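Read through the structure below, which is laid out as structure tokens, and then see the notes.
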Amino acid sequence: MACAMAALLLHGCGRDQPVPAADVRTLMLEQVQPVAQTYWDSVQYVSDSSGSHEIFPRNDAEWQRVETAAKRLGALGEALKTPAYANGRNADWQDFAQGLIDVSKLAAQAAAEKNRDRIFEVGGTIYNVCAACHQTYLPKTATPPPPPSGANAATAR
Ligand code: HEC
């Protein structure tokens, strides 16, 4: 038998496309999602029985945390472009990953400027960047991650 059963199960036999070496799902669940959530959670418009409230960073350390999250998203975009994650994907994978890098710069700038409206707005763009790649590359069996709570609140605003 020309190809071992384990290799066959993992990659198929006689494939000519290299497969990604690293686990995209783990990167998404353990890093991309929590880091994006930190950004999305930083500015929110919440309505409850006591009225409308705006949640936003209250001190330099909190603003810094938002800026760090934004930069981290860019670094994760860079990671997604490396062969470990990109091997075997089409060219649009690089575009989607670059989209994350590009939006992370806007996100970091909004945080550096302490511009709440801009953070909220860029947060929506980040979600669109995630969704664009998922539309093409999320396996049909996977559950797409939920939109950020801030975006939900925005429609109720
Ligand atoms: C360059 C493409 C790409 C970008 C950009 C991207 N993802 Fe993903 N994401 C994937 C792929 C591919 C999977 C499926 C991994 C698998 O199941 O093998 C995935 C899966 C996930 C999952 C796990 C879903 C599940 O339960 O199986 C989460 C959560 C997630 N992404 C969050 C995000 C968030 C949040 C963003 C934006 C900040 C984002 N992703 C941006 C490609 C991308």
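Bear in mind these aren't lab numbers, they're just calculated from the coordinates by the rules spelled out. Everything numeric here is computed off the predicted structure, so don't read it as measured data. FYI the Cβ positions are ideal-geometry reconstructions off the backbone, even for glycines, and counts take in every protein chain you see.
Some points to look at:
- Computed about its Cα centre, the charge dipole of region 33-156 is approximately 300 debye, with only Lys, Arg, Asp and Glu carrying charge at their Cβ.
- Loop-located trypsin sites (Lys or Arg not before Pro) in region 18-95, at most 16 other Cβ atoms within 10 Å (DSSP): Arg58
- Going from the residue with the fewest nearby Cβ atoms within 10 Å to the one with the most, Thr82, Thr26, Thr143, Thr38 rank Thr143, Thr26, Thr82, Thr38.
- Loop-located GluC sites (Glu not before Pro) across region 29-95 with a Cβ neighbour count of 11 or fewer within 10 Å are lacking, with loop assigned by DSSP.
- For region 33-156, averaging the sequence separation of C-alpha pairs within contact (under 8 Å, six or more residues apart) and dividing by the residue count gives a relative contact order of 30 percent.
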